Amino acid sequence: MPGSTDSSTKTMAALTIGGLVAVTAYTVALGSNGWLWFGWVVLGLLTLGMIATRSA
């Protein structure tokens, strides 16, 4: 069905949000780590790609 997302896309989105929370907490507690932020950006782009291909 167009415009709907399946469970794997929803799981990926939840992991992306959880990753953002974890990286932010790490940054607040221990200081910034560029590799963690880079990893989160890559995860976010993969999630956006999954959403874009599911809705197409």
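Only the coordinates and a few stated rules stand behind these numbers; no lab work does. What you see is a predicted model; the values in this text were computed from it and never measured. Cβ placement follows ideal geometry from the backbone for every residue including glycine, while neighbour counts extend to all protein chains displayed.
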### Query
For Kirkwood radius over Cα pairs in Å, the listed values are (1) 12.1; (2) 12.4; (3) 11.6; which was obtained by calculation from the structure presented?
(1)
### Message
Modelling each spin label as a point 7 Å along the Cα-to-Cβ direction, I'd like the Leu48/Thr9 distance in nm, to one decimal.
### Response
1.6 nm
### Query
If each of Leu36 and Val21 carries a label point 7 Å out from its Cα toward its Cβ, how far apart are those two points in nm?
1.5 nm
### Message
For the ranges 34-46, 8-20, what's the packing order if you count other beta-carbon atoms within 10 Å of each residue, average per peptide, and put the highest first?
### Response
8-20, 34-46
### Query
In degrees from 0 to 90, rounded to the nearest 10, what is the angle of the helix 7-30 Cα long axis to the longest principal axis of the chain?
10 degrees
